[in-house]
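See structure below.
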Amino acid sequence: MRLLRAGRRVDRLRVMGLGVREEYRNCGIDRRLGMELSRNAQRLGYPAIGAS
């Protein structure tokens, strides 16, 4: 029960290992991917998102 309750306190989403293949870089895909991640995170109730 303690783990279930602790999980509800997480209010930020961190995405690790995010990347775009070299042949698709500089085409705007990275920006679109970030926008979609942010939109979906907000829809799921996360007010903040970080990526690395």
Would you call R14 more than 9 Å from the chain's Cα centre (by Cα), open to solvent by 70 Å² or more (accessible area, probe 1.4 Å) and not small (G, A, S)? no
Selected residue (criterion: modelled with the lowest pLDDT) from residues of segment 20-38 that are more than 12 Å from the chain's Cα centre (by Cα) and open to solvent by less than 70 Å² (accessible area, probe 1.4 Å): V20
Just to be sure I understand the filter: pairs with C-beta atoms under 7 Å, separated by 6 or more residues or on different chains, first member in segment 39-52 and under 7 Å from L13 (Cβ atoms) and open to solvent by less than 60 Å² (accessible area, probe 1.4 Å), second member at pLDDT 80 or above and assigned to a loop (DSSP other than H, G, I, E, B). Which pairs pass? none
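The values are calculated or read from the model by the stated rules, or taken from the named source; none is laboratory data. Keep in mind that this is a model prediction, so the values were computed, not measured. FYI the Cβ positions are ideal-geometry reconstructions off the backbone, even for glycines, and counts take in every protein chain you see. Each accessible area value is taken on the protein alone, full model and side chains, heavy atoms only, with ligands, DNA and RNA left out. Shrake-Rupley method; radii C 1.70, N 1.55, O 1.52, S 1.80 Å.
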